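The values are calculated or read from the model by the stated rules, or taken from the named source; none is laboratory data. None of the values given here were measured: they were computed from a predicted structure. FYI the Cβ positions are ideal-geometry reconstructions off the backbone, even for glycines, and counts take in every protein chain you see. Areas reflect the complete protein model, heavy atoms only, side chains present, ligands, DNA and RNA absent. Shrake-Rupley method; radii C 1.70, N 1.55, O 1.52, S 1.80 Å.
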Amino acid sequence: MNDILIELRGVSKTFGAAPAVDDVSLCVERGAIHVLLGASGCGKTTTLRLIAGLETPDSGEIWLNGECVAGRGAWSPPEARRIGMVFQDYALFPHLTIRQNVLFPLASLNGKLSHTAREARVREMLDLVGLAHCLDRFPHQLSGGEQQRIALARALAPNPSVVLLDEPFSNLDAALRRTMREEVRQILHAANATAIFVTHDQEEALSLADTVVIMRGGKVQQVGAPQEVYLRPISREVAAFLGEANFIHGVAEGEVAHCALGKLPLAAPMHGKVSLMIRPEALRLTASPEGSAEVVAIRFFGHDQLLRLRFADATELDVRTWGSAELALGEYVAVSVRGSVMAYTN
Ligand code: ATP
């Protein structure tokens, strides 16, 4: 079986003057969780809606399961695409019980699934999300996180070819969001579902995705595993968007670069003036009166702390260290970098 379930080929969609989605090409593998990540307005939701068939592309093609569903004169309506959707407001029917909510999308399978088979499917889905005991409750009798799990159970019930999730946790508080991420990841993998998830939260994207798709201005900037996009961002913009990053001047000479920290190994050979990207947690400090940098600021966060260092040439760097590291303002430190660093020419 082909491993690619969804393929977008040069897809564009414009509403007003600027394109919302601009020449996007993307492959989604079967059974994987893809996360579309980008700032507000970068085209994530429009991409989902194009895949679902809720928008028609101006140009390009969308392929689903080896069949062209949009473009080349072809068009499959949303109901023919077998796509499940989960939105941020859960959209559960308030007047229906949990059982009836999950049963709802199975009603259209009336001819194909017997009454007993549909009831069994509801049980199976509620077991999957750990809420079988809530069968006869109404949505308002569940917590936000439980409602979100029911929304997922309902989307998965008709065994869709893909589940699209648009910021499904944005109504939940921070702690519940973190728990839900892990639960949803496990549920989707247990159901062997292919999923595309939209968020503007970097941490959520990195912890949930098998593949992260970074979007900006309607275009795809980078596609890769979470570790790859975080550690090897394709551009300075992607590096800065994906968490904290220090950028310092350097001169590249093949496999190394010279900068305020001395000679550093580069992730890929380069030459000439560059900006070096160093994540704050990639730096290691040792207190030393002969050290090359002075601690000029300390911000304590509990689980860790952020130190600002200043070198003799006025270069400044932020460093994350363990919260109780015994370094004080004005102290000098020797600084080293774990692993190789990324360099950019701009
Ligand atoms: P957010 O994270 O804020 O939801 P997004 O990345 O999902 O943003 P989209 O909703 O895809 O972004 O919107 C992309 C651009 O297209 C935005 O500039 C938006 O204003 C515009 N847009 C989206 N839908 C429409 C529409 N139906 N009519 C007009 N403009 C639209």
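A few notes on this one:
- Residues of segment 70-110 satisfying the condition of being part of a strand (DSSP E or B) and surrounded by fewer than 20 Cβ atoms within 10 Å (Cβ to Cβ): 71, 74, 75
- When segment 301-314 is filtered for residues that are open to solvent by less than 90 Å² (accessible area, probe 1.4 Å) and among the small types (Gly, Ala, Ser), the ones remaining, listed by number, are 302, 314.
- In this entry, residue 137 is excluded by the filter for residues that are part of a helix (DSSP H, G or I) and open to solvent by 10 Å² or more (accessible area, probe 1.4 Å).
- Filtered by the rule that a residue be assigned to a loop (DSSP other than H, G, I, E, B) and either modelled with pLDDT of 90 or more or not aliphatic (A, V, I, L, M) (or both), segment 111-123 gives 111, 112, 114.
- Summed over segment 40-69, the residues that are surrounded by fewer than 17 Cβ atoms within 10 Å (Cβ to Cβ) and small (Gly, Ala, Ser) give a count of 4.
- Test: residue in segment 278-285 that is touching a residue at least 12 places away in the same chain (Cβ under 8 Å), farther than 26 Å from residue 37 by Cβ and away from the ligand (no atom under 16 Å from the Cβ): yes
- Any hit, segment 38-48, residues being away from the ligand (no atom under 15 Å from the Cβ), farther than 19 Å from residue 191 by Cβ and in the same structural domain as residue 11 (by TED's automatic domain parsing): no
- Contacts under 7 angstrom Cβ, first residue in segment 182-199 being within 23 Å of residue 65 (Cβ to Cβ), partner open to solvent by less than 60 Å² (accessible area, probe 1.4 Å) and of a type in the set (D, E, K, R), 6 or more apart: 198/44; 198/166; 198/167
- Any hit, segment 302-313, residues being in a loop (DSSP other than H, G, I, E, B), out of contact with any His (no Cβ under 7 Å at 6 or more places or on another chain) and closer than 24 Å to residue 229 by Cβ: yes
- Qualifying residue in segment 17-39 (condition: over 24 Å from the mean Cα position of the chain (by Cα), modelled with pLDDT under 95 and open to solvent by 60 Å² or more (accessible area, probe 1.4 Å)): yes
- Counting only helices (runs of 4 or more DSSP H) that sit wholly inside segment 192-300, those with at least 1 residues that are open to solvent by less than 40 Å² (accessible area, probe 1.4 Å) and closer than 19 Å to residue 316 by Cβ are 236-241.
- Segment 84-110: number of residues that are modelled with pLDDT under 90 and either of a type in the set (A, V, I, L, M) or more than 26 Å from residue 54 (Cβ to Cβ) (or both): 7
- Residues in segment 185-196 that are closer than 22 Å to residue 40 by Cβ and either away from the ligand (no atom under 16 Å from the Cβ) or modelled with pLDDT under 95 (or both): 195 only.
- Scanning segment 216-227 for residues that are out of contact with any helix residue (DSSP H, G or I) (no Cβ under 6 Å at 6 or more places or on another chain), touching a residue at least 12 places away in the same chain (Cβ under 8 Å) and either away from the ligand (no atom under 16 Å from the Cβ) or of a type in the set (A, V, I, L, M, F, W, C) (or both) yields 220, 223, 224, 225.
- Members of segment 46-69 that are part of a strand (DSSP E or B), in contact with a strand residue (DSSP E or B) (Cβ under 7 Å, 6 or more places away or on another chain) and either of a type outside the set (Gly, Ala, Ser) or within 22 Å of residue 169 (Cα to Cα) (or both): 61, 62, 63, 64, 68, 69
- Within segment 20-35, tally of residues that are assigned to a strand (DSSP E or B) and more than 8 Å from the ligand (Cβ to nearest atom): 11
- Listed by first and then second residue, the pairs with beta-carbon distance under 7 Å, at least 6 apart or on different chains, first residue in segment 77-89 and farther than 15 Å from residue 30 by Cα, second in a loop (DSSP other than H, G, I, E, B) and open to solvent by 50 Å² or more (accessible area, probe 1.4 Å), are 78/54; 88/171; 89/171.
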